[in-house]
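The values are calculated or read from the model by the stated rules, or taken from the named source; none is laboratory data. Just so it is clear, the model here is predicted, and its values are computed rather than measured. Positions of Cβ are backbone-derived with ideal geometry, glycine not excepted, and every protein chain shown enters the neighbour counts.
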Amino acid sequence: MQITVICSTSRRELSSTYNLAKQVAENLCMNDKPNYFFLPKDFSHFCLGCMQCFSGFHEKCPGYEELKPIKDSINKSQLIIFAVPVYVFHAPGQLKCLLDHFGWEWLVHQPNGLMFKKQALVISTAAGAGMKSTIKDVKDSLDFWGVGRVYTYKKPIAAANWTEIPPFKQKKMLSKVEKIADRILSDSVNFHPRIKVKLLFWSCRLMQKRFHFNPPDVDHWKKNGWLNKERPWK
Ligand SMILES: Cc1cc2nc3c(=O)[nH]c(=O)nc-3n(C[C@H](O)[C@H](O)[C@H](O)COP(=O)(O)O)c2cc1C
């Protein structure tokens with residue numbers, strides 16, 4: 001299975017979210033090698049609000065060169081894993097910056113039809129609290145990207161580093177994420193996307209048919225045949 005792993009920070013051995021994400025990626029990759037991206041090292045661009053992407057010129061984004069390898073990797077992957085520590089009850093700012101660069105591909109604008117056939121896993125740990133809002137920061141994007149299936153795993157670890165977690169607790173966490181990996185693998189056979197993303201697709205389709213808010217968006221839907229009989233999950 002081809003896998004993209006997006007790590008919200010550049011911490012590795014000491015990072016709990018990285019160790020958990022690695023466990024899933026290595027369980028599922030088989031002969032493929034997971035593609036890891038570490039933020040902000042591999043993507044450090046802030047969205048400047050130039051609106052080129054929404055206007056149909058996403059290649060003109062000032063962050064395009066950095067974004068392209070991540071986007072290409074996601075497009076080729078069946079699974080996208082996000083390792084997301086809680087920073088003040090939310091996802092770290094560098095991950096938000098990355099997600100901002102995919103705003104134009106939300107279902108309400110110019111969706112990437114490939115997303116409906118993908119799965120994603122969001123892993124979040126905190127010292128104590130804030131995982132729900134942190135996971136939501138990422139899951140909102142995944143839902144509006146149209147990702148077929150999204151799994152989440154969250155755990156308060158009462159520690160700053162993976163190495164401070166007692167081995168029996170580490171083992172428990174690793175075995176929980178391995179179970180999620182099993183589900184991802186079994187769902188990948190005869191895969192079908194969640195009803196939620198299909199419903200979002202239908203409502204956005206209606207919007208594109210009725211109102212022509214942004215001509216590049218309408219052109220995108222027309223070009224893909226989605227205003228007629230074509231569907232991205234078929
Ligand atoms: C800037 C910053 C903000 C944090 N905010 C929270 C927080 O709001 N709630 C919490 O329980 N832990 C918070 N933490 C602790 C981390 O979420 C926790 O150590 C997490 O497991 C780190 O994941 P990692 O090992 O993958 O980096 C914060 C840590 C940092 C560096």
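Matching residues to (1) charged (D, E, K, R); (2) in a helix (DSSP H, G or I); (3) crowded, with 20+ Cβ neighbours inside 10 Å:
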{"site": "Leu95", "(1), (2), (3)": "no, yes, yes"}
{"site": "Ala120", "(1), (2), (3)": "no, no, yes"}
{"site": "Ala129", "(1), (2), (3)": "no, no, no"}
{"site": "Ala159", "(1), (2), (3)": "no, no, no"}
{"site": "Thr163", "(1), (2), (3)": "no, yes, no"}
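From the set of residues in region 188-203 that are surrounded by 14 or more Cβ atoms within 10 Å (Cβ to Cβ) and over 18 Å from Lys139 (Cβ atoms), which is farthest from the ligand (Cβ to nearest atom)?
Ranking the candidates gives Phe191 first.
Hey, among Ser124, Ser141, which residue is in contact with a helix residue (DSSP H, G or I) (Cβ under 8 Å, 6 or more places away or on another chain), hydroxyl-bearing (Ser, Thr, Tyr) and either within 9 Å of the ligand (Cβ to nearest atom) or assigned to a loop (DSSP other than H, G, I, E, B) (or both)?
The unique qualifying residue is Ser124.
Mind checking which pairs have a first residue in region 82-101 that is of a type in the set (Lys, Arg) and a second that is at pLDDT 95 or above and in a helix (DSSP H, G or I), Cβ under 7 Å, 6 or more apart or different chains?
Partner pairs satisfying both residue conditions: Lys96/Asp137.
From the list Leu174, Leu185, exactly one residue is over 14 Å from His90 (Cα atoms), in a helix (DSSP H, G or I), within 15 Å of the ligand (Cβ to nearest atom) and more than 16 Å from the chain's Cα centre (by Cα). Which is it?
Leu174
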